[in-house]
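Only the coordinates and a few stated rules stand behind these numbers; no lab work does. Keep in mind that this is a model prediction, so the values were computed, not measured. As a convention, Cβ positions derive from the backbone with ideal geometry for all residues, glycine included, and neighbour counts pool all protein chains shown.
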Protein chains: 2
Amino acid sequence: MQQRLDDFTPTGRTKVKRAPDRGHYDRETVYEILDAGLMCHVGYVIDGHPYVTPTAYWRMGNRVYWHGSSASKMLRHLKTGPRVCFTVALMDGLVLARSAFHTSVNYRSVMAFGTAEPVAEEAEKLARLEAMMERIVPGRWPDLRPVTKQELKATTVVSLKLEEVAAKVRRGPPIDDAEDMDLDVWAGVVPLGYAFAGPEDDPQLKTGVTKPENLSKIRIG
Amino acid sequence: MQQRLDDFTPTGRTKVKRAPDRGHYDRETVYEILDAGLMCHVGYVIDGHPYVTPTAYWRMGNRVYWHGSSASKMLRHLKTGPRVCFTVALMDGLVLARSAFHTSVNYRSVMAFGTAEPVAEEAEKLARLEAMMERIVPGRWPDLRPVTKQELKATTVVSLKLEEVAAKVRRGPPIDDAEDMDLDVWAGVVPLGYAFAGPEDDPQLKTGVTKPENLSKIRIG
């Protein structure tokens, strides 16, 4: 029998207070949202000033990872192990109410607080990069030219353990005031999501190389 | 003759250093990206800790605005006029190179630093909310039930003047190493963007009310 993972414990930072029904603290919900997104926004503080950097991320177990050039300002800072706020937000629809006040957006979001930790060990770093590729295009990793020692050195991978975490989700139609329901105003939801256009060959693609089937396995949102 | 607006002046925080060709400091590029996006991520610092809150925003002239409940933790904090980092990022495609190292994402992003300022005056606040609605669904504002005094009071609108700002853009195919070009690996771009599904009527929509034509004017991304 599979054991159900414990929920995250809400803290002063993560507890959703104003619309408490939108707050979720179970791992299933948090992991589902994290596995649907591809881009996070990482917040950190340098000399008292806030920075927010958008970057690709992926999840493995109870950690999220992101990476980049070892020369990146963000990653050089994060290697020192500072506090971060890791946020993922997916817009799912425009919620058009009968008043501006109740107009809203449907979304799924996750906010996680903690300390960024660099992945120091080479083999672990390589395994994490393989997981990244698996997230982007399942099955693509074995087709690629192998990562070199120099590339591995030039790449910084950091992770954040998921401990102080909450998801916040808004779904469904607008919630209008009772006295507005009889107005002749259209109300409803305009669903919104990521869509892919057909893959475009690199103009320098080697003659005879065709699109791999795994491109159809890409999922975002 | 229309005067060309001055470029933004890069600072230590906004100058794009590692891939300088991706950095843009002209208002046309910055405004175009800001006008394409709908969701920003606002970074701020409370008690030395970073927070990143996703929220809808809109641009008017040389300012960006966002809003929410006056009871929101973020907005109560921002009313005190702290430093913020305002980031917008749009993913435009997956850049699939012949190596993991050169695998990338096409994107358009804007990062702006400054001090959040609340919109205090009622008439101005109302005009800003009208601009927000115009951004979401052009032409919808006059159809809505007018904003009440209580709603205006319960809503906080803040703005950020665009001064310390840069855009960062990656476009085009993968840039592989010369020695990898002959590999039998497919490389190219999988374009990615927001798509709308057909609007869904509110289940409680008044009989006889039809979808307005302006729903076709919604543009995001």
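Taking the stated definitions as given, is B:Pro20 more than 7 Å from every other protein chain (Cβ to nearest Cβ), at negative phi and free of Cβ contacts under 8 Å to residues at least 12 places away in the same chain?
When the stated conditions are applied, B:Pro20 passes them.
Looking at A:Ala120, A:Ala127, can you tell me which residue is assigned to a loop (DSSP other than H, G, I, E, B) and small (Gly, Ala, Ser)?
A:Ala120
Determine if the stretch A:27-34 includes at least one residue that is of a type in the set (Lys, Arg) and within 15 Å of B:Thr53 (Cβ to Cβ).
No, every residue in the stretch A:27-34 fails to be of a type in the set (Lys, Arg) and within 15 Å of B:Thr53 (Cβ to Cβ).
I'm trying to understand the selection: among the residues of the stretch B:15-58, which are within 22 Å of A:Lys73 (Cβ to Cβ) and in contact with a Cys (Cβ under 6 Å, 6 or more places away or on another chain)?
Listed by number, the residues that qualify are B:Gly43, B:Pro50, B:Tyr51, B:Val52.
Condition (residue is touching a Cys at 6+ places or on another chain (Cβ under 7 Å) and either within 14 Å of chain A (Cβ to nearest Cβ) or not hydroxyl-bearing (Ser, Thr, Tyr) (or both)) applied to the stretch B:66-75: is it met by at least one residue?
yes
Got at least one residue in the stretch A:79-87 being closer than 27 Å to B:Pro20 by Cβ and part of a strand (DSSP E or B)?
Within the stretch A:79-87, one or more residues are closer than 27 Å to B:Pro20 by Cβ and part of a strand (DSSP E or B).
Rundown of residues vs (1) closer than 30 Å to A:Gly193 by Cα; (2) facing chain B (nearest Cβ under 8 Å); (3) free of Cβ contacts under 8 Å to residues at least 40 places away in the same chain, yes/no style:
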position	(1), (2), (3)
A:Thr29	yes, no, no
A:His49	no, yes, yes
A:Thr80	no, no, yes
A:Phe113	yes, yes, no
